[in-house]
Amino acid sequence: MSQIVKVGRRKRAIARVFLQEGGTGKFEVNNKEMKDFFTLATLRIRVMDPFAASGANANNFDISVNVNGGGITGQADAIRMGLSRALTEHDEELKPSLKKAGLLTRDARKVERKKYGKKKARKSTQFSKR
């Protein structure tokens, strides 16, 4: 039983995923149960997307995740990417289905920085004709 360690990133969130083969289906995020860490069901479903897309059984693994930075949605997506990478290392045959679902592609969108003379990144002051 080997342990696979992979990193997933999204916006400012970074997740380190530890995938242990031959487990009991335990899923911990920052030393909490996943349902306690992600209170929204939509985020829990989003985290489990790699198993749904690849057809792998989540009960065959023990998963432990350390995640920090960003918001809760970015953290969920970072875990999703790290989990996808770990599953491809575990079984190379899962790669085409995960790639087709878009789970191995890094979402590079980040918050745009504020520019001087503007209220936000692009929002300007109201134009005055006179």
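Summary table below
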| read-out | value |
| --- | --- |
| Residue-span extension gain [residue 30 to residue 72] - 0.36 nm each, minus C-alpha spacing | 13.9 nm |
| Sequence-distant lysines (8 or more away, or on other chains) whose Cα lies within less than 20 Å of residue 129 | 118, 119 |
| Lys, Arg +1 and Asp, Glu -1 on Cβ, resulting dipole of the stretch 1-123 about Cα centre, debye, nearest 20 | 1620 |
| The chain: relative contact order as a whole-number percent, Cα under 8 Å and 6+ apart | 31 |
| Cross-link reach list, aspartates and glutamates versus residue 100, counting only Cα pairs under 19 Å and skipping chain neighbours closer than eight places | 49, 77, 89, 91, 92 |
| Cross-link table 6/120; 35/120; 32/99; 35/95, entries beyond 32 Å C-alpha to C-alpha | 6/120; 35/120 |
| Residues listed by number, the stretch 20-50, amide nitrogen under 19 Å from residue 100 label point at 7 Å toward C-beta | 49-50 |
| Sequence ranges 65-72, 37-44, ranked by mean other-Cβ count within 10 angstrom, highest first | 65-72, 37-44 |
| Loop trypsin sites (Lys or Arg not before Pro), the stretch 1-36, which have at most 15 other Cβ atoms in a 10 Å radius of their Cβ (DSSP) | 12, 26 |
| Charge dipole (the stretch 3-100, unit charges on Cβ, about Cα centre) - positive-most of 5, 57, 73 | 73 |
| Estimated distance in nm for a label pair at residue 20 and residue 125, the labels positioned 7 Å out from Cα along Cα-to-Cβ | 6.0 |
| Label assignment, Rg/Rh (Cα atoms, Kirkwood Rh) derived from the structure, set (1) 1.15; (2) 1.03; (3) 0.97 | (1) |
| Furthest towards positive pole of dipole, 40, 96, 126, structure part the chain, Cβ charges | 126 |
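Rule-based calculations on the coordinates, nothing more; no lab input. For clarity, every value in this text was computed on a predicted model and none was experimentally measured. Glycine also receives a Cβ, built like all others from the backbone with ideal geometry; neighbour counts cover every protein chain displayed.
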